[in-house]
Amino acid sequence: MSEHEALPAAVDAEALLALARGHHQREARAVGTREVGGHLVKVYSLRAPGRTVTEQDVAAALRVAAEHLGSGRLRGSLGLAVLIVHAGGDGDYVLVHSWIEGYMSDLAVFTGPPGRPERLRPGRAGLGPCVWEAALLAHEREAFVRHVLDGSGPLADRLAGWSADTPAGGVR
C-alpha cells in the first residue's frame, strides 16, 4: 500500500498520526528480583516524563502482586513472574505477568489514579499492556526463552541468568 492509495475505512488515520507525534521514550529500570506470593518475581519501574516511581509505589505493587500471585498455582503458574510498576501519563498501572504451564503466560493489569497506589484496582476486561509495557514484556519473553527454556546447566544458574537479564535505559 502506498501513501497515494486510500486507507481502509477502519483505519483511524488521524488518531494513529496523533499517537505517532506523541510517541516518546520512557525510562525503565530494573528494581531487583524478589520472592512474592510464592513466586520469584523480577520487578521493573517504568515512568512517563515528569512522573516518578517511589519506594512506596513499588511496595504497593508488591502487595497487589502478592495477592494475585498467591492463587497463581490454580492458574497453572510455574513460579516465575514479572512485575511492572508504571507511573503513566494518565494514571498508575501495575502489570503482573507470570509463566504458566504449556508455554503460556498469565497477565493481570491493575490501574489507579496517579500517585494513589492504595486505589489500584483490576483493569477492565480486555485491557492489555501499552507499547512501553509491551517492550519490557517482549524482553522478558526473550530472557525466559534464552535462560530458562534454552539454557543449560542447573536450574538455579538458569534462574540467576534470567534474573540478571534486564534491559538498560529507556524503552520506546
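The values are calculated or read from the model by the stated rules, or taken from the named source; none is laboratory data. Fair warning: this is a prediction, and the values are worked out from it, not measured in the lab. Backbone-built Cβ (ideal geometry, glycine too); neighbour counts: all protein chains shown. Surface areas here come from the heavy atoms of the whole protein model, side chains and all, with no ligands, DNA or RNA. Shrake-Rupley method; radii C 1.70, N 1.55, O 1.52, S 1.80 Å.
Take GLY128 and decide whether it is more than 18 Å from the chain's Cα centre (by Cα) and either open to solvent by less than 40 Å² (accessible area, probe 1.4 Å) or among the small types (Gly, Ala, Ser) (or both). Lay out the reasoning, then the answer.
Values: more than 18 Å from the chain's Cα centre (by Cα): no; either open to solvent by less than 40 Å² (accessible area, probe 1.4 Å) or among the small types (Gly, Ala, Ser) (or both): yes.
Spelling it out, it is not the case that GLY128 is more than 18 Å from the chain's Cα centre (by Cα) and either open to solvent by less than 40 Å² (accessible area, probe 1.4 Å) or among the small types (Gly, Ala, Ser) (or both).
Only residues that are closer than 15 Å to ILE100 by Cα and touching a helix residue (DSSP H, G or I) at 6+ places or on another chain (Cβ under 7 Å): list them for segment 38-76, please. Let's see the steps before the verdict.
We begin by selecting, within segment 38-76, every residue closer than 15 Å to ILE100 by Cα; these are 38-41, 68-76.
Answer for segment 38-76, where residues must be closer than 15 Å to ILE100 by Cα and touching a helix residue (DSSP H, G or I) at 6+ places or on another chain (Cβ under 7 Å): GLY38, HIS39, LEU40, VAL41.
From GLU118, GLU133, GLU142, grab the single residue that is open to solvent by 100 Å² or more (accessible area, probe 1.4 Å) and either at positive phi or not in a loop (DSSP other than H, G, I, E, B) (or both).
On the way: GLU133 fails: open to solvent by 100 Å² or more (accessible area, probe 1.4 Å); GLU142 fails: open to solvent by 100 Å² or more (accessible area, probe 1.4 Å).
Just one listed residue meets the conditions, GLU118.
Do we have VAL82 as within 29 Å of GLY50 (Cα to Cα) and touching a residue at least 60 places away in the same chain (Cβ under 8 Å) here?
Working: within 29 Å of GLY50 (Cα to Cα): yes; touching a residue at least 60 places away in the same chain (Cβ under 8 Å): no.
Criteria not met by VAL82.
Any residue at all in segment 57-75 that's assigned to a strand (DSSP E or B), open to solvent by 30 Å² or more (accessible area, probe 1.4 Å) and not polar (S, T, N, Q)? Break it down into steps so the answer makes sense when it comes.
Taking segment 57-75 and keeping what is assigned to a strand (DSSP E or B), we get none.
For segment 57-75, residues assigned to a strand (DSSP E or B), open to solvent by 30 Å² or more (accessible area, probe 1.4 Å) and not polar (S, T, N, Q): absent.
Residue-by-condition table, conditions (1) under 16 Å from the mean Cα position of the chain (by Cα); (2) modelled with pLDDT under 95; (3) farther than 19 Å from GLY112 by Cβ:
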residue	(1), (2), (3)
GLU3	no, yes, yes
LEU16	no, no, yes
GLU35	no, no, yes
LEU40	yes, no, yes
TYR44	yes, no, no
ALA65	yes, no, no
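Conditions: (1) open to solvent by 20 Å² or more (accessible area, probe 1.4 Å); (2) modelled with pLDDT of 95 or more; (3) under 21 Å from HIS39 (Cβ atoms). PRO113 meets all but one. Number of the miss?
(3)
Does segment 43-54 contain at least one residue that is open to solvent by less than 60 Å² (accessible area, probe 1.4 Å), without any contact (Cβ under 8 Å) to a residue 40 or more places away in the chain and not in a loop (DSSP other than H, G, I, E, B)?
Going residue by residue through segment 43-54, those that are open to solvent by less than 60 Å² (accessible area, probe 1.4 Å) are 43-46, 48, 51, 53-54.
From what is left, the residues that are without any contact (Cβ under 8 Å) to a residue 40 or more places away in the chain are 53-54.
Still in the running and not in a loop (DSSP other than H, G, I, E, B): none.
No, segment 43-54 has no match at all.
Quick one: is GLU35 open to solvent by 30 Å² or more (accessible area, probe 1.4 Å), more than 28 Å from ALA156 (Cβ to Cβ) and part of a strand (DSSP E or B)? Even if it seems obvious, please write down each step before you answer.
On the way: open to solvent by 30 Å² or more (accessible area, probe 1.4 Å): yes; more than 28 Å from ALA156 (Cβ to Cβ): no; part of a strand (DSSP E or B): yes.
No; evaluated as a whole, the condition is false for this residue.
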